[in-house]
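Notes for the one structure printed next.
The values are calculated or read from the model by the stated rules, or taken from the named source; none is laboratory data. Everything numeric here is computed off the predicted structure, so don't read it as measured data. Using ideal geometry, Cβ is built from the backbone for each residue, glycine included, and neighbour counts are taken over all protein chains shown. Ligands, DNA and RNA are excluded from the accessible area calculation, which covers all protein heavy atoms including side chains. Shrake-Rupley method; radii C 1.70, N 1.55, O 1.52, S 1.80 Å.
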Amino acid sequence: MPAQQALQNRSNNSCELCTSTNNLSVFPVPPTSDLSAQQCIYLCDTCTSQIEGNAELDMNHWRCLND
C-alpha cells in the first residue's frame, strides 16, 4: 500500500489514536478513501477491531483520546 510509509513516518510508527506500537495497519477512513495518506490513518488491531465493531468497546482503551 503506497500510503503505508507516509503513515509510518507521520505517526512515528505508532497507532495514531492510542500510540500502541503493536500490530499496526493502514485504516481507510470511511465513507470513501482513495487509500492516500491524507484519507487513511495508522491504527493498532485493538482500535481497528473496536471501530469496525468486531470487538466489544473497551472504554478504558479509549481514555487515550483524553491525552
Inset, instruction - Name the residue, out of S36, S49, S20, S14, that is in contact with a strand residue (DSSP E or B) (Cβ under 7 Å, 6 or more places away or on another chain) and of a type in the set (S, T, Y). - result: S20
Inset, instruction - For the range 1-45, name all the residues that are closer than 19 Å to C64 by Cβ, among the polar types (S, T, N, Q) and touching a helix residue (DSSP H, G or I) at 6+ places or on another chain (Cβ under 6 Å). - result: N23
Inset, instruction - Those residues that are open to solvent by 40 Å² or more (accessible area, probe 1.4 Å), farther than 21 Å from R63 by Cα and not in a strand (DSSP E or B), I need them from the range 4-28; list them, please. - result: Q4, Q5, A6, Q8, N9, R10
Inset, instruction - Would you check if Q38 is modelled with pLDDT under 95, assigned to a helix (DSSP H, G or I) and not acidic (D, E)? - result: yes
